[in-house]
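I have placed the structure first, in the form of structure tokens, so that the comments after it can refer back to it.
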Amino acid sequence: MQLVLIGSDQAGYSAVRAPFDLLVYSHEVWSSGIGININATAGEDFELDFGQDDWVFGGVMVDNFTITSDNITSLSVDTSASKWLSYDPSSRKLSGQAPASSGSAALPITITAFNQSLLLNSTISVLPSYFTEATIPQSLANPDSDYSFLLSSYISKNAAFQGHAIDVSVSSNCTFLNLTQGSGGSYKISGHVPMNTTTPYSDFTLTAYDHTTHAASHSTFRVVFRIPT
């Protein structure tokens, strides 16, 4: 609705005209003022899908409810302060390979929902890895014997992880060696190597997901089996 405000110092005459629009929204979109912190792991590939990761908009409200990605009609991300990042508005994915060193930069995000646009103050931070080595030195295992490899020496003691809830998982095609967690948060890969194993080695990919920072760290590890001749 367009209105015109008219000002005059004499009845029946108009001196100043100020047109303006009056917009009536079905919902109020507002920010609680909480800054958005997006985190990546140093030296690793990074991808954030704004369509799936609704936690990013935890401080944006529609009326009295937290906004969801379905409410957002358009989303733009200014990556000019972080040249290693790129943003695809069609898929709403932010991606890139994080630099090897830690640091942070501004990452302004503009969302449009219910015909209202909101600029969010956000930052992208590059955090250290939870693992001290991207590739852990390989280990040897004998057939028909128990095997155990402690990962404690390869888990970071950085104070930045103190108090964080971190889950460590492993993916591998090996069926007889598994990741287990001991007391004090220690991890090991262990199991019984069968006598009839025919594969020369198995590769393991370790993933540590930090629920506090929403950042993931990765490391690879190979176990080489001594095949009987």
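When S156 is evaluated against the numbered criteria (1) closer than 30 Å to D78 by Cβ; (2) touching a Pro at 6+ places or on another chain (Cβ under 7 Å), which criterion, by number, is the only one it fails?
For S156, the failing item is (1).
Tally up the residues in region 108-157 that are over 24 Å from the mean Cα position of the chain (by Cα) and among the charged types (D, E, K, R), please.
Residues that pass the stated criteria total 2.
Please go through region 115-164 and give me each residue that is open to solvent by 30 Å² or more (accessible area, probe 1.4 Å), out of contact with any Asp or Glu (no Cβ under 9 Å at 6 or more places or on another chain) and within 30 Å of S32 (Cα to Cα), ordered by number.
N115, S117, L118, L119, N121, T123, P128, A159, A160, Q162, G163
Being open to solvent by less than 70 Å² (accessible area, probe 1.4 Å) and under 17 Å from the mean Cα position of the chain (by Cα) narrows it down to one of H214, H218, so name that one. Show your work before the answer.
Details: H218 fails: open to solvent by less than 70 Å² (accessible area, probe 1.4 Å).
Among H214, H218, only H214 is open to solvent by less than 70 Å² (accessible area, probe 1.4 Å) and under 17 Å from the mean Cα position of the chain (by Cα).
In region 197-211, what count of residues is obtained for those that are open to solvent by 40 Å² or more (accessible area, probe 1.4 Å) and of a type outside the set (S, T, Y)?
Matching residues across region 197-211 total 3.
Determine whether D167 is of a type in the set (D, E, K, R), modelled with pLDDT of 90 or more and open to solvent by 80 Å² or more (accessible area, probe 1.4 Å).
Details: of a type in the set (D, E, K, R): yes; modelled with pLDDT of 90 or more: yes; open to solvent by 80 Å² or more (accessible area, probe 1.4 Å): yes.
Spelling it out, D167 is indeed of a type in the set (D, E, K, R), modelled with pLDDT of 90 or more and open to solvent by 80 Å² or more (accessible area, probe 1.4 Å).
Restricting the search to region 173-196, which residues are surrounded by 15 or more Cβ atoms within 10 Å (Cβ to Cβ) and either over 18 Å from P143 (Cβ atoms) or in contact with a Pro (Cβ under 6 Å, 6 or more places away or on another chain) (or both)?
Across region 173-196, the qualifying residues are L179, Y187, K188, V193.
So in region 66-87, with the set limited to residues that are of a type outside the set (A, V, I, L, M, F, W, C) and closer than 21 Å to T41 by Cβ, which one is surrounded by the most Cβ atoms within 10 Å (Cβ to Cβ)?
Quick first cut of region 66-87, residues of a type outside the set (A, V, I, L, M, F, W, C) only: 66, 68-71, 73-74, 76, 78-80, 82-83, 86-87.
Add one more test, that the residue is closer than 21 Å to T41 by Cβ, and what stays is 79, 82-83, 86-87.
On the way: T79: 16, S82: 22, K83: 10, S86: 12, Y87: 19.
My answer is S82.
Answer yes or no as to whether K157 is of a type in the set (K, R) and within 19 Å of L140 (Cβ to Cβ). Lay out the reasoning, then the answer.
Details: of a type in the set (K, R): yes; within 19 Å of L140 (Cβ to Cβ): no.
Criteria not met by K157.
Of the numbered conditions (1) of a type in the set (A, V, I, L, M, F, W, C); (2) over 19 Å from A40 (Cα atoms); (3) at pLDDT 95 or above, F114 fails exactly one; give the number of that condition.
Failing condition for F114: (3).
Conditions first: (1) more than 30 Å from I36 (Cβ to Cβ); (2) free of Cβ contacts under 8 Å to residues at least 60 places away in the same chain. V223 passes all but one, so which condition is the exception?
(2)
Out of the residues in region 33-79 that are over 14 Å from I109 (Cα atoms), of a type in the set (A, V, I, L, M) and part of a loop (DSSP other than H, G, I, E, B), state the one that is modelled with the lowest pLDDT.
Across region 33-79, the extreme among qualifying residues is I67.
Residue check: is N173 among the polar types (S, T, N, Q) and touching a residue at least 40 places away in the same chain (Cβ under 8 Å)? Step through it out loud before you land on a result.
On the way: among the polar types (S, T, N, Q): yes; touching a residue at least 40 places away in the same chain (Cβ under 8 Å): no.
Judged against the criteria, N173 is not a match.
Is it the case that G103 is of a type outside the set (D, E, K, R), open to solvent by 30 Å² or more (accessible area, probe 1.4 Å) and touching a residue at least 24 places away in the same chain (Cβ under 8 Å)?
Working: of a type outside the set (D, E, K, R): yes; open to solvent by 30 Å² or more (accessible area, probe 1.4 Å): yes; touching a residue at least 24 places away in the same chain (Cβ under 8 Å): no.
Taking the combined requirement at face value, the residue does not satisfy it.
What number of residues within region 89-100 are under 15 Å from I38 (Cα atoms) and free of Cβ contacts under 8 Å to residues at least 24 places away in the same chain?
Of the residues in that region, 0 qualify.
When you scan region 199-207, do you find a residue that is under 18 Å from the mean Cα position of the chain (by Cα) and either closer than 21 Å to A134 by Cβ or free of Cβ contacts under 8 Å to residues at least 40 places away in the same chain (or both), even just one?
We begin by selecting, within region 199-207, every residue under 18 Å from the mean Cα position of the chain (by Cα); these are 206-207.
Remaining after also requiring either closer than 21 Å to A134 by Cβ or free of Cβ contacts under 8 Å to residues at least 40 places away in the same chain (or both): 206-207.
Yes.
The values are calculated or read from the model by the stated rules, or taken from the named source; none is laboratory data. Treat the numbers as computed from the prediction; the structure is a model and nothing was measured. With ideal geometry, Cβ positions are generated from the backbone for all residues, glycine too; neighbour counts draw on all protein chains shown. Note: accessible area is taken over every heavy atom of the protein model, side chains too, but ligands, DNA and RNA are not part of it. Shrake-Rupley method; radii C 1.70, N 1.55, O 1.52, S 1.80 Å.
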